[in-house]
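These notes concern the structure reproduced below.
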Amino acid sequence: MELRWIPFGSPEYREVVELRRRVLRIPLGLDFTPEQLAGEGQDLHLTATEDGNLSGCLMLSDHGGGVVQMRQVCVEPNQQGTGVGAALVRESEAEARRRGYRRMMLHARDIAVGFYERLGYERVGEPFVEVSIPHQEMAKAL
């Protein structure tokens, strides 16, 4: 598996958007707006590929004060449970530390809370609804 940080707007980024749309949004009857995608220009974009095929991705967004948010974590359904997601998270944490961040936070879908807990994330506050489904804020000191 190859992990790589890619530029916003690149052909690889467009492939990432399609993966996120197919796996994260369309099942909920949602899509990205042009404004949402344009707002990702300042984010960091990480991909995982296997034999040149995209298998997963995530984004990091600066929240100021040494905090970064992990967002849009997505793994091809047939690759889930193979370590792709954990590798993406570990690399994003390493990059966040290199950039001087001290804390990673995220909004986990209910079905992913256990995954993040196994990687050392803790629940913060009460569950809430985002993009029409239950989520839990989670965080980890870097």
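Laboratory data are not the source of any read-out in this text; all were calculated from the coordinates shown. Bear in mind the structure is a predicted one, so any value in this text is a computation, not a measurement. Backbone-built Cβ (ideal geometry, glycine too); neighbour counts: all protein chains shown.
Annotations
- Projected area averaged over orientations for the range 62-131, convex hull of C-alpha atoms, nm²: 5.2
- Alpha-carbon gyration tensor eigenvalues x 5, square-rooted, for the range 1-40, Å: 19, 14, 7
- Computed over the chain, relative contact order equals 19 percent, with contacts defined as Cα pairs under 8 Å that lie 6+ residues apart.
- Across the range 87-108, the residues whose backbone nitrogen lies under 13 Å from the label position 7 Å along the beta-carbon direction of GLU122 are 104.
- Spherically averaged projected area of the convex hull of Cα atoms, the chain: 8.2 nm².
- The alpha-carbon positions of the range 15-93 define a convex hull whose volume is 100 Å³ per residue.
- Distance from the alpha carbon centroid of the range 31-87 to that of the range 101-142 works out to 15 angstrom.
- Each helix, a run of at least 4 DSSP H residues, gives -39500 (n - 2.57); summed and divided by the residues of the chain, these come to -7000 deg cm²/dmol at 222 nm.
- Under 15 Å, Cβ to Cβ, from VAL23 - net charge with Lys/Arg +1 and Asp/Glu -1: +2
- Residue order for GLU126, GLU15, fewest other beta carbons within 10 angstrom first, comes to GLU126, GLU15.
- With a simple spin-label model that places each label point 7 Å from the Cα along the Cα-to-Cβ direction, the separation between ASP51 and ARG21 comes to 2.6 nm.
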